Each structure stands twice: as C-alpha cells, then as structure tokens.
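**Q** Supplied in structure tokens, the structure appears directly below.
The values are calculated or read from the model by the stated rules, or taken from the named source; none is laboratory data. Treat the numbers as computed from the prediction; the structure is a model and nothing was measured. Neighbour counts are summed over all protein chains in view; Cβ atoms, including those assigned to glycine, are modelled from backbone coordinates with ideal geometry.
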Amino acid sequence: MSWDTHIADATVEIFSTMLMMEVNPLAPLTERIKTHQKSVTGIVGMAGLYKGMLAIHAPATAAMAITGNFLGLEVDDVNDDVKDAMGELANMLAGSIKAKLSDNSKDIQLSIPSAVCGGSYSLDYQPQQGCSMVPFESTAGRFLVELQLEQQT
Amino acid sequence: MGKKVLIIDDSSTMRKIVTRSLRQAGLDFDTILEAGDGQEALQLLAKEGVDIILSDINMPNMDGIEFLRQKSANAAIKGIPVVMITTEAGADILAEAKSLGAKGSIKKPFTPEQVSETLGGLM
Amino acid sequence: MDFAQAIIEATSDVFNTMVMLEAAPGAPATEKTTAFSDAISGILGFSGDIKGMLRINCPNQVAMAITGSLLGMEVEEIDDDVRDAIGEIANMVAGGLKIYFARHNQNIELSIPTAIGGQAYTVHSLANAEWVAVPFTLANGVMLVELQFVGLK
C-alpha cells in the first residue's frame, strides 16, 4: 500500500494551517533517499494497529526557514528551536495521518519525537511494504516527508 | 541423514542470526533454506521438501499467520512442523498460530539452548 | 519504577542470550550526550501508558563487534547487516522494556526500529521529556542505551 496521498494531504494541511506556508507535493520518489547532507530530520514512531515511523527531512537552510515561520521569529542557526520544531512537525504530520487511517484514536499511537542533524547521516530500516517518500517544494526550499507504516495482523 | 530447515523472515540479517543460533544450538542441518515472506516460502515448498520451518510473524506480502493458514490447507506440506519466532506477539496471536498448526514459538531474544529445546522435540 | 534498572535488565537479557558479548552496565549518566561521531544509533519509538523513545548508540567498532557476534561472522565495515543488527538490538531491548513495564502495570506498544548512522550527527529529544541513560562497557568501546519518555501516570 502506498501512503503518497495521505502524506501530501497531511503536509499541505499542516503547513497551510500551522505555518501559513504553501507547499506543493512533487512526484513521490521511486527509491528512498537514505543519506542526508547538512540536514535536520524530525522523526516520530507510530505504534498499535499500524506500526512504523514518520520523518521529515529538510536541508538546514529550509529547516531554519520553516522554524522561523513556525515560531514567528528569526532563525539563523540550527539551534534547539529548529530541532524542536522539526520534531514537533513530525509529530503533527503523524497525528494528521493517523486521523486519516482510523477513527479510533487508540488504534495508532505516537511516540515522542526526536530530531537528528548533522553534516551527513543516514537512516535505515528493514524495507517493508507501505514505505513512501514525497518531496515538497516551498518558499523555504525543498524538503522530504517519509512514512513507513505496516498494518499489524 | 542431514535435515533441511526453512527460515522465513523479511530481514536477511535476522535470517543470518537464526542460522547462527541453529549452528550454535548444535542442530545438524544439511541445508538451510531462506524465504523473505510467506509467499516466497510457499513457492519454495512447492519445489522442495523440508523437515522443519522457522517463521517470523510480521512480514510484508504474506505474513506468518496467513502462511500457516495456506500451508494447513495444502495436504502436501500440511505436516511439516512450524515454529514461530516473535518479539512481542500477544497471547491471542500465538493462540491463533497454534490453532493453525504451529508447533511452538521462540521469543526473541533467545539462547541457542532455547532453540535446541524447542526444535529438538519436533525432529 | 526504576527506569535505569529496566534498561539494565532488558539490555543484559539481549546481550546474555543473543549477542554473547560482555556488556557491563555502569552508573546511569548524569549528563546528556547528544553528539555522536562514527557511530550508529538504533532508535525505536513507543507509546501507550508511557510515550517515549529508546536509543542505542554504538561507536562503529562496537556496532561491528555486536553484529559479528550476533551473526557469527567477521564484520569489517559498516554495511546493511550492521545497520539491521543494531535496529534489531533496539527492537529486542524495547521488547524487554515492554515486559518490564507490564510487570509495573504500564502497557506500551512498540513502533519499528530505525538505524541512524554517520560521521558526525546529533540526536535531540523534546526538552520536557524525562531522560535516563545507562552506559555499557564492551571490550572495544562504550554503548549508551538511552530512554526518553513522558506521561508516566
């Protein structure tokens, strides 16, 4: 199963309501990008009826611009605000997707988010069904939203 | 005579870990076959007989429970014992596996001794 | 509930049964380590009565030793086996934590593991989450097992 539409809908919705930013989904990637350069990643785990994780990956410049809009302040450094904001965005995106997948809020539960940043780092997991990566274009630059989710038996 | 085992797990690393445990458990398998999901396992079993099967539960395409269901409906392979390998499967899922013919389960983390105990009686 | 004890029990169980390497637990860390170099972090989110994230941080040489012992083969570079193995260790330790918490009437559901790796990266969790970390000394380095969580009733 592909989550492309859910990712696109949730991301456009969260960015327009919370950040007052217009973002446009581009064609979903056919092969996931696993290594990120000079970037910030917000990541949150999902558990319950569906298990997986959601991550948002943005180059440092885009992450700073997104955080600036999110918090309504000038950001010129990848500081704790940027890491918190990217973690919180992952949390909100996962929350929005969770609501699209199930009416019962107990079916899918979110962990607490973490943020990763660095000059070059990779994220790996066991390839499963239901893994999507969608790039977005915005005034802040391009960023990626990735969802890996498997329905449990 | 050497025996054949089939390991079904979507993680190739986990299949290597199970292989290592079988070796350390002193279980003498002639051939170790691997499949990445239930479907691959059924295709393999259509061509090749094995003495015992070790299967993960959560897998893409066809999970361990559906594999058990299809296997139990196929007279040619129905009799091959299956042991489930799980990390956190609940009692309900293990009961379902048992009702579909699974002969036992091994919970991760496991020692070679636990593997040998669980499998020993089935071969 | 003693979270450091939960980490020690769950981690030691995995190392004694599956990894078969000595990993001696030290005193719980008093200061956060957020920056890692030439390392791999296996992370896994969980939710339920306690929401949180487990992180197992290994210097590359420790990750290779663990993988070598787990797989019963020589491991000389950071490859998919190493990343999968550290993810699997996180999965099994989280499974042990789930059992420990259940003994204290706290039920959690697990997400799936992700392995983060790189030459230099930082990992950051929400500032308001509680944090417990226990270092484990192996023959060739120190592995840090961290638990970050909120919502303990």
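**Q** Among the listed residues C:I40, C:I56, C:I66, identify the single one that is farther than 30 Å from A:D107 by Cα and not in a helix (DSSP H, G or I).
**A** That would be C:I40, the only listed residue that is farther than 30 Å from A:D107 by Cα and not in a helix (DSSP H, G or I).
**Q** Does B:G121 satisfy the criteria of being within 14 Å of chain A (Cβ to nearest Cβ), among the small types (G, A, S) and closer than 20 Å to B:K4 by Cβ? Before you say what the answer is, go through the steps one by one.
**A** Values: within 14 Å of chain A (Cβ to nearest Cβ): no; among the small types (G, A, S): yes; closer than 20 Å to B:K4 by Cβ: yes.
Against the criterion (within 14 Å of chain A (Cβ to nearest Cβ), among the small types (G, A, S) and closer than 20 Å to B:K4 by Cβ), B:G121 does not qualify.
**Q** Right, here's the next one. Is it the case that region C:55-72 has a residue that's in contact (Cβ under 8 Å) with a residue 12 or more places away in the chain and in contact with a Ser or Thr (Cβ under 6 Å, 6 or more places away or on another chain)?
**A** Yes, region C:55-72 contains at least one residue that is in contact (Cβ under 8 Å) with a residue 12 or more places away in the chain and in contact with a Ser or Thr (Cβ under 6 Å, 6 or more places away or on another chain).
**Q** Any idea which of A:V134, A:V145, A:V75 is farther than 25 Å from C:R55 by Cβ and either aromatic (F, W, Y) or in contact with a strand residue (DSSP E or B) (Cβ under 6 Å, 6 or more places away or on another chain) (or both)?
**A** A:V134
**Q** Okay, next question. Among the numbered conditions (1) farther than 17 Å from B:P109 by Cα; (2) within 14 Å of chain C (Cβ to nearest Cβ), tell me where B:N58 comes up short.
**A** Evaluating B:N58 over (1) farther than 17 Å from B:P109 by Cα; (2) within 14 Å of chain C (Cβ to nearest Cβ) leaves (1) as the failure.
**Q** Tell me yes or no: at least one residue of region B:57-77 is in contact with a Pro (Cβ under 9 Å, 6 or more places away or on another chain) and among the acidic types (D, E).
**A** no
**Q** Further question on the same structure: If the requirement is being in contact (Cβ under 8 Å) with a residue 40 or more places away in the chain, at negative phi and in contact with a Pro (Cβ under 7 Å, 6 or more places away or on another chain), which of these qualifies: C:L144, C:L138, C:L126?
**A** None of the others qualify; the one that does is C:L144.
**Q** Could I ask something else about it? Does C:I116 satisfy the condition of being under 26 Å from A:E150 (Cα atoms), modelled with pLDDT of 95 or more and β-branched (V, I, T)?
**A** Considered against the rule, which asks whether it is under 26 Å from A:E150 (Cα atoms), modelled with pLDDT of 95 or more and β-branched (V, I, T), C:I116 comes out as yes.
**Q** Here is a list of conditions, (1) out of contact with any helix residue (DSSP H, G or I) (no Cβ under 7 Å at 6 or more places or on another chain); (2) among the small types (G, A, S); (3) within 23 Å of C:Y100 (Cα to Cα), and B:S105 meets all of them except one; can you say which number that is?
**A** For B:S105, the exception is condition (1).
**Q** Another question, if that's okay. Looking only at region A:20-35, decide whether some residue is over 12 Å from A:L144 (Cα atoms), touching an Asp or Glu at 6+ places or on another chain (Cβ under 8 Å) and surrounded by fewer than 24 Cβ atoms within 10 Å (Cβ to Cβ).
**A** No, the conditions are met nowhere in region A:20-35.
**Q** Follow-up question, since we're still on this one. Only one residue in A:E137, A:E88 is within 14 Å of chain C (Cβ to nearest Cβ), at negative phi and in contact with a Pro (Cβ under 9 Å, 6 or more places away or on another chain), so which one is that? Steps first, answer last, please.
**A** Values: A:E137 fails: within 14 Å of chain C (Cβ to nearest Cβ).
The match here is A:E88.
**Q** Which of the numbered conditions does B:E96 fail, given that it passes all the others? Conditions: (1) within 14 Å of another protein chain (Cβ to nearest Cβ); (2) touching a Pro at 6+ places or on another chain (Cβ under 9 Å); (3) among the acidic types (D, E).
**A** (2)
**Q** Run down A:D81, A:D103 and say which single residue is within 11 Å of chain C (Cβ to nearest Cβ), out of contact with any Pro (no Cβ under 6 Å at 6 or more places or on another chain) and either over 21 Å from B:E88 (Cβ atoms) or assigned to a strand (DSSP E or B) (or both).
**A** A:D81
**Q** So how many residues does region B:72-103 have that are closer than 16 Å to B:V5 by Cα, in contact with a Leu (Cβ under 7 Å, 6 or more places away or on another chain) and not aliphatic (A, V, I, L, M)?
**A** Adding up the residues that qualify gives 2.
**Q** If you don't mind, another one. Does A:A8 count as in a helix (DSSP H, G or I), out of contact with any Lys or Arg (no Cβ under 7 Å at 6 or more places or on another chain) and among the small types (G, A, S)?
**A** Answer is yes for this residue.
**Q** Tally up the residues in region A:34-84 that are among the small types (G, A, S) and under 17 Å from A:R142 (Cβ atoms), please.
**A** 9
**Q** Return a yes/no flag: does region A:55-73 have any residue that is facing chain C (nearest Cβ under 10 Å) and either surrounded by fewer than 24 Cβ atoms within 10 Å (Cβ to Cβ) or under 25 Å from B:T13 (Cβ atoms) (or both).
**A** So far as region A:55-73 goes, yes, one or more of its residues are facing chain C (nearest Cβ under 10 Å) and either surrounded by fewer than 24 Cβ atoms within 10 Å (Cβ to Cβ) or under 25 Å from B:T13 (Cβ atoms) (or both).
**Q** Would you call A:P113 in contact with a Leu (Cβ under 7 Å, 6 or more places away or on another chain) and within 12 Å of chain C (Cβ to nearest Cβ)?
**A** Yes.
**Q** Looking only at region B:99-112, which residues are surrounded by fewer than 18 Cβ atoms within 10 Å (Cβ to Cβ) and either more than 14 Å from chain C (Cβ to nearest Cβ) or among the small types (G, A, S) (or both)?
**A** Those that are surrounded by fewer than 18 Cβ atoms within 10 Å (Cβ to Cβ) and either more than 14 Å from chain C (Cβ to nearest Cβ) or among the small types (G, A, S) (or both): B:S99, B:G101, B:K103, B:G104.
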